[in-house]
1. So, Lys468, is that one of a type in the set (D, E, K, R) and closer than 24 Å to Ala514 by Cα or not?
2. Residues that are open to solvent by 40 Å² or more (accessible area, probe 1.4 Å) and charged (D, E, K, R): does the range 369-383 have at least one?
3. Taking Glu430, is it open to solvent by 20 Å² or more (accessible area, probe 1.4 Å) and either under 24 Å from Gln496 (Cα atoms) or in contact with a Gly (Cβ under 8 Å, 6 or more places away or on another chain) (or both)?
4. Among the residues of the range 401-416, which ones are of a type in the set (Phe, Trp, Tyr) and either in a helix (DSSP H, G or I) or open to solvent by 70 Å² or more (accessible area, probe 1.4 Å) (or both)?
5. If I go through the range 445-471 residue by residue, how many of them are assigned to a helix (DSSP H, G or I) and crowded, with 18+ Cβ neighbours inside 10 Å?
6. Filter the range 282-299 down to the residues that are in contact with a Phe, Trp or Tyr (Cβ under 8 Å, 6 or more places away or on another chain) and modelled with pLDDT of 95 or more, then identify the one that is most open to solvent (accessible area, probe 1.4 Å).
7. Return only the number of the condition from (1) of a type outside the set (Ser, Thr, Tyr); (2) closer than 21 Å to Glu354 by Cβ; (3) open to solvent by 10 Å² or more (accessible area, probe 1.4 Å) that Cys325 does not satisfy.
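The values are calculated or read from the model by the stated rules, or taken from the named source; none is laboratory data. Just so it is clear, the structure is predicted and the values come from calculations on it, not from any experiment. No Cβ is skipped: glycine too gets one built from the backbone with ideal geometry, and neighbour counts run over all protein chains shown. When the accessible area is computed, the model is the full protein with side chains, heavy atoms only, and any ligands, DNA or RNA have been set aside. Shrake-Rupley method; radii C 1.70, N 1.55, O 1.52, S 1.80 Å.
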Amino acid sequence: MASTGSTPFPKWQLAILLGAPLAIGLGYLYLRNRLEDPEKKKAAELKAKTTISLDNEDNVKAAESAIDRAMKLKGAGNRAFHAGEYDKAISLYNEAIEACPPDRSVDLATFYQNRSACYEKREMWEQVKEDCTFALKLNEKYVKAFLRRSRAAEKSGDLVLALEDVTSACILERFQVQSSLVNADRILKALGRQHAREALSKRQPVMPSKHFIKTYFSAFSEDPITKLYVDEKDNSGFANAKRALDAQNYESVVDLCTEELNTEGKYKYEALLLRATFYLLLGRHDEAQADLARLIDSDAPTKIRVNALIKRASLYTQLENTERCLEDFANAAKLDANNSDIYHHRGQVYLLLERMDEATAEFAKAVELNPDFSIAYIQKCYADYRHAQLHKNIGALTQVRADFERALERFPRCAEVYILYAQVLSDQQEWGRAEALFESALAVDPNNATLYVHKGLVQLQKSTDFDKAVKLINKAIEIDDKCDFAYETLGTIEVQRGNLRRSLELFEKAIALAKTEQEMTHLFSLKDAAAAQLKVSERWGLDWTVS
């Protein structure tokens, strides 16, 4: 979904790559040099040769005889394995391990790793992990053993070990093997979801920033609450809640709405909708669903029921229940086919799902019904841009540029117009114009912290200027210490720079502000990736820092 909090960096890919700075390139080259020191390799080879030359002749012959026997047993074990005779193969590898001279650590590691392959076929996960651990003690950078132990750990539910091992393999493979990256992605998502659910069960709700809440309400052109006038003499719970909303005193809104509902005042439906909205903003999803369901099934005015359906549909999107989401939008359209908010918000869902044909049609309908609503108009421009890009339609791209320019003229006081156009221009690598548009957006909306994040990202994209980007994003946090987009982006940059401990602190701050399980899963995936990389780097004595 295009929004002022989106980022041009591909988030899941950054997590999959476990912090390898492929998008920027510097840290990866540094790591590559750290991993493979030619002088150390030559010294090790020379030491091995010297050790053999100092042995007496009888011991050398005995060792050669023992290793020959071990290698023959390994060969027989391999043939049994490929024939599906896993018990026989295990027995032969046992003999190979017993026969192998203790100083032949690389060969011994191979025998253990081969035996673990048999255990894997038999789904004996603890034995797989045990043998891979032996192999890795003998050969600490054995990619096959890391990958096999990772699979066994995943199967047995030890996702932390699974991630650490696949991280090790990805690093040793220079992030060039697609299957390992796919495994990392799968494990990260599973571990992120596990950690998110654990955190959600314990977390205390956090009120978003005032700017976030103001932006949220501005996305509804036909909101039945914000446009409602209450008499200044009215001292009811809802009237006071509405005044608190207008004054941005958000902390008291829920309690005042509850007061209205307890007294069964005349604004019961408005109070129920406003309370449900703040439950959504607070991430109290069960309570939000309960209030929205009461409204949808009631005899409340049509605009209130439609707004409730739109908000529940959006919640279902966050809960990854697309079917129920689209069902609520369809029911809203049956109630009021001329409500532009239905098509605007359904268009955002289709954009998120990358169903571009449907997204552009929905935004077109929203603009047709309400041509003066700036948010829907600029979202339509952005969806048209994505659609034109997808189909490589040069003529359509030219038209989109003209539409954006027209939007600037029509809605000069709408920050989102500048922001989305700037993101499009950044995508086209027109850095100078993009920066100018972000500056124009700041003139319109100086308290929008996400604009400084976007400006920082432009610095990274155009010149990989880490210091300038970090300075700008820290400015965003000064303006709004609840800007989760800033913490997440800064954390990702610190991973890129190799400052892994700092990145963990930043991801924790973003997690504390996440409003949905989906957001939290993504953030935990980023954090878990950085934590795994830190552990691997400490084990091998690697320095990831990019100066």
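1. The answer is no for Lys468.
2. yes
3. yes
4. Of everything in the range 401-416, just one residue is of a type in the set (Phe, Trp, Tyr) and either in a helix (DSSP H, G or I) or open to solvent by 70 Å² or more (accessible area, probe 1.4 Å) (or both), namely Phe404.
5. Residues meeting the conditions: 15.
6. Within the range 282-299, the subset in contact with a Phe, Trp or Tyr (Cβ under 8 Å, 6 or more places away or on another chain) is 285, 287-288, 291, 295, 298.
Those left that are additionally modelled with pLDDT of 95 or more: 287-288, 291, 295, 298.
Values: Glu287: 72, Ala288: 0, Asp291: 7, Leu295: 0, Ser298: 29 Å².
Of everything passing the filter in the range 282-299, Glu287 is most open to solvent (accessible area, probe 1.4 Å).
7. Of the numbered conditions (1) of a type outside the set (Ser, Thr, Tyr); (2) closer than 21 Å to Glu354 by Cβ; (3) open to solvent by 10 Å² or more (accessible area, probe 1.4 Å), the odd one out for Cys325 is (3).
Yes or no, residue by residue, for (1) of a type in the set (S, T, N, Q); (2) at pLDDT below 95; (3) within 19 Å of the chain's Cα centre (by Cα); (4) over 25 Å from Leu352 (Cα atoms):
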position	(1), (2), (3), (4)
Asp467	no, yes, no, yes
Gly491	no, no, yes, no
Ser503	yes, no, yes, yes
Glu508	no, no, yes, yes
